[in-house]
2 protein chains.
Amino acid sequence: MVRKPTSKESARKPNMREAILAAAEELFATNGFNAVSVRDIAQAAGANPGSVTYHFKTKDGLLLEIYRRHCGPMNLRRSELLAAAKRVRDLQDRLEAIVRAYVVPAFTSGSDLAGGGARFTRLRAVMSAEGNEVARKIIAQTFDDTSHAFIDAIHESLPHIPRTDIVWRSHFLLGALYYSLVTPDRVSRLSRGEADGSDAAGAIEQLVQATVAAFQAPALDQAAPTRRRPVVSSKT
Amino acid sequence: MVRKPTSKESARKPNMREAILAAAEELFATNGFNAVSVRDIAQAAGANPGSVTYHFKTKDGLLLEIYRRHCGPMNLRRSELLAAAKRVRDLQDRLEAIVRAYVVPAFTSGSDLAGGGARFTRLRAVMSAEGNEVARKIIAQTFDDTSHAFIDAIHESLPHIPRTDIVWRSHFLLGALYYSLVTPDRVSRLSRGEADGSDAAGAIEQLVQATVAAFQAPALDQAAPTRRRPVVSSKT
DNA sequence: ATGTGATTTGTACTATCGTACAAAAGATCA
DNA sequence: TGATCTTTTGTACGATAGTACAAATCACAT
């Protein structure tokens, strides 16, 4: 069923605005913000540089719109999955469900964009590495609530672990998640072709498995400053 | 004892070349490669822009020299620690020692630069996120051997885990390591001040504890395509 | 068909980028 | 001291950056 566009949602060519957004997302996610010029984006989208200015005013505005486009749906989906996960009775299964609720929306799409989830998450990873100011503001005020919700949920299913440890481990989870999306080829290379780093389903399973175990690790006894663990000399 | 410089290792001002390297390292690590101009670096080092060209020819050459400066010492230290770790008898302790041998040199300095280890590792994280070509080449040909050595060592102390899983989990380790250095403030924020994300010793302990547990997680039974794990519906 | 508002195009402006290069200044040693 | 080499400085050049803006073009209601 081909729907006739009501009035303003379609441009001359089929949605040039969307094409610009998609191209910018892809280029920013793979090359960083500063390495990509407005002209690069326009060319990749088959548009005129001035068209970018028309739709998004500035380059920062374009980045802002990319975030606006994805943050809502992704957080919504995470909330849904988290709520469902919290209803799982078995504690071990619940923990895994919670981790999965955090990981899955980052790989699969939160909205209807094809493959948009992984691409946007990779974009977030790159912006965070570059210390992008626009991204930093949005992230802190958009994702911190969600992060706290997950941390609390995990803490409830692991009451004997101090919250500080949970925070660290969920931080590690996000780092691992980011890095898997940034350099999937490294996994393929180091496994000598036995694993495919760009296989989202495989990455999710590996990540969930490893992360659940990490969360279940015994707590760090921060009370004991004296070193209890084995130490290895640096001299051969 | 003040040593008179033999001839060419000292410039007019005390080692301007080193100052430029340090400034570039710091700026690249916090803002990315493309966001930092040669003029920014020169100003931060108290040097003239032309001086950067004189010492390093191009901006890429400067980045290259930063890598050359650190890769050797860091890999050497890792090799030493790994060799020592492999001599640990107890399997559990050995695994922890191996992980520690991988993590510690990334935080503490591999060479004599003050705090240079963490700064350089953060630089590597940012360059990897930006997909920097110069960095990619050096990394692949400098760190892959070391990575393989660690993967093999871990595999030996966990023979029942398939190598593929070890690769994934060590990939997660590196991602977590990178991310801890990129945004330490996030840990402080999410823990509501209870943890200090920029405390290297604390980060190391948390990372080692979590990672050892992740490595010890049961293997992913990749033979069974039928889903065995609990799945949560996305609908509330 | 024609007028109107939305969009695209083409071009231009200023700022800043990486880099080159000649001149100045310092260091070294006969 | 003067000759020579190394390092620093100052300036300039072409390329490209982000953005602005007027003209051209399109979609569509009348």
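Cross-link pairs exceeding 23 Å in C-alpha to C-alpha distance, out of A:57/A:137; A:59/B:137; A:57/B:59, comprise A:59/B:137; A:57/B:59. Extension gain, residue A:160 to residue A:48: 0.36 nm times the residue separation minus the Cα-Cα distance gives 34.5 nm. Summary for residue A:199: label point 7 Å along Cα→Cβ; distances to the equivalent points in the other copies, ascending, 4.1 nm. What a 1.4 Å probe finds exposed on region B:57-201 is 54% carbon and sulfur by accessible area, rounded to a whole percent. The value of relative contact order for region A:12-52, using C-alpha pairs under 8 Å at least six residues apart, is 42 percent. About its Cα centre, region A:23-85 has a charge dipole of approximately 140 debye under the convention of +1 per Lys or Arg Cβ and -1 per Asp or Glu Cβ, with nothing else charged. Rounded to the nearest whole Hz, the Karplus-based 3J(HN,Hα) values (6.51 cos²θ - 1.76 cosθ + 1.60, θ = phi - 60°) of region B:76-84 follow the sequence 4, 5, 5, 5, 4, 5, 5, 4, 5, with x at glycine and proline. Note on region B:21-174: with charges restricted to the Cβ of Lys and Arg (+1) and Asp and Glu (-1), its dipole about the Cα centre is near 100 debye. Solvent-accessible area lost on pairing A with B (1.4 Å probe, both sides summed) amounts to about 6600 Å². Taking a ≥ b ≥ c as the square roots of the eigenvalues of the Cα gyration tensor, region B:151-206 is classed as prolate, since a/c reaches at least 1.5 and a/b is larger than b/c.
Within a straight-line Cα-Cα reach of under 15 Å, residue A:86 can be paired with the following aspartates and glutamates, leaving aside sequence neighbours fewer than 8 residues apart in one chain: A:96, A:152, A:156.
Round to a whole angstrom and tell me the spacing of the C-alpha centers of region B:22-92 and region A:78-110. Measuring centre to centre over Cα atoms gives 40 Å.
The values are calculated or read from the model by the stated rules, or taken from the named source; none is laboratory data. Quantities reported herein were computed from a predicted structural model and do not represent experimental measurements. Glycine also receives a Cβ, built like all others from the backbone with ideal geometry; neighbour counts cover every protein chain displayed. All accessible areas refer to the heavy atoms of the entire protein, side chains included, with ligands and DNA or RNA removed. Shrake-Rupley method; radii C 1.70, N 1.55, O 1.52, S 1.80 Å.
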